[in-house]
1. Can you give me the convex hull volume of the Cα atoms of the stretch 123-227, divided per residue and expressed in Å³?
2. Here are some values of Rg/Rh (Cα atoms, Kirkwood Rh): (1) 1.11; (2) 0.99; (3) 0.96. Which one was computed from this structure?
3. Using the crude model of +1 on Lys and Arg Cβ and -1 on Asp and Glu Cβ, and no other charge, please compute the dipole size for the stretch 32-185 relative to its Cα centre, in debye to 20.
4. Please determine, in degrees from 0 to 90 and to the nearest 10, the orientation of helix 277-286 with respect to the longest principal axis defined by the Cα atoms of the chain, where the helix direction is its Cα long axis.
5. To test your reading of the geometry: what angle, between 0 and 90 degrees and rounded to tens, separates the Cα axis of helix 335-369 from the longest principal axis of the chain?
6. Placing +1 on the Cβ of each Lys and Arg and -1 on the Cβ of each Asp and Glu in the chain, which of I121, A68, Y39 has its Cα farthest towards the positive end of the resulting dipole?
7. For the Cα atoms of the chain, what angle does the longest principal axis make with the long axis of helix 2-27, in degrees from 0 to 90, nearest 10?
8. Using a simple charge model, +1 on the beta-carbon of Lys and Arg, -1 on the beta-carbon of Asp and Glu, nothing else, what dipole does the stretch 123-227 show about its Cα centre, in debye to the nearest 20?
Amino acid sequence: MAILIFILILSFLVIIHELGHFLAARWSGIKVKEFGIGYPPKALKLFEWRGTDFTLNWIPFGGFVRMAGEDSDPNQRSLAKKGEFFAASKEKRLFVVLAGAAVNFVFGIVAFAIIFSILGIPLEITGARIGEVMLGSPAATAGVPAAVNIIAFEYEGQRFQTHSPSDVINFVTDHQGKNVKLVTSGPCDKLACAEIEQGFEVYLRSQAETPQGEGSLGVVFTQFEMVYYPWYEMPIRSMVFGLEQALVMGREILAALSRLGGSLISSGRVTEELAGPVGIVDQAQKSGIFEEGLLMILSFAGMLSINLAIMNILPIPPLDGGKALFTIFEAVIKPKYLFKIEYWMSYGGYLMLLALIVFITVRDVIRIFS
């Protein structure tokens, strides 16, 4: 079931990517010969619309758009006729090339916006906020409540201020097996806490006394509070927060790709953190993403969509980013030379990407079964 869900999600994301290219090409006056669902060989022609054949292909995921003149001989591109890809202006071709990645990025933002509209917008909590008190723990025995901030410990006449979960953990680790006074704020609502102090006499369990999966104190911290705003504000706030999260994720992906590039250059090896489709499905299945309901699946789809957008705009032929880069270079390099360079670099890029995909897939399979 996980494999089927992943294929459906990936197919949807690739199809909307190609739909972005299709609509941008139509708006730019470029003829689209074929919009394929799945990859060739062709299974059947579904219908024709305004000169475009919509086809169903045998490899049942992904899709493609075949524009007039896009794969023409590089020597003939300068002679392209009206309606062909290379007859359009550089600006229009750039728009068409980047439209697919733009659609994937926008889908990621929309997916996050829907999730945050339903679950609330997470706001970061400053302080050591107790989210849960474990049953039978020293904190529960002492009557420590949830939804308060731990602001200090008192021990042997000294007061130790705590400003974060790490401060609490450090103090508790250093005082295991001791009786201390735990000082908390008053009850907290969202980011604000009542400005009163509450004190609790607590025994901090030693490592030998602590059950597996718990800490000496027996509390679980929360670092985010889900906040709801008036209904008319939630869509806009969720969209803005979704955009922020998409940008953060994009930055993290670029950082990971930078590490990958550095690893390839320095050692000729692919970093362990890089996973292909097989590895992604395995990780998602182990973490239970596909069993957590529609919102979790939508979150996964949003993250994967942003990944696809970032990967596609990398300046590597034959990816969209590589095509965009060569289109920009037309301003300084004669097209008749540039087209030949792009043509052969695209073939080389295809072979390199294919080899990388095969290598990563084989490694993922070996990793799973070992």
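1. 91 Å³
2. Recomputing Rg/Rh (Cα atoms, Kirkwood Rh) here gives the entry labelled (1).
3. With only Lys, Arg, Asp and Glu charged at Cβ, the dipole is about 700 debye.
4. So the helix axis and the longest Cα principal axis differ by about 20 degrees.
5. 40 degrees
6. So the residue furthest toward the plus end is A68.
7. So the helix axis and the longest Cα principal axis differ by about 50 degrees.
8. 100 debye
Since every read-out is calculated from the coordinates, none of them should be taken as a lab result. In this text the structure is predicted, and so the values were computed from the model without any measurement. All Cβ positions, even for glycine, are placed from backbone atoms using ideal geometry, and neighbour counts span all protein chains on display.
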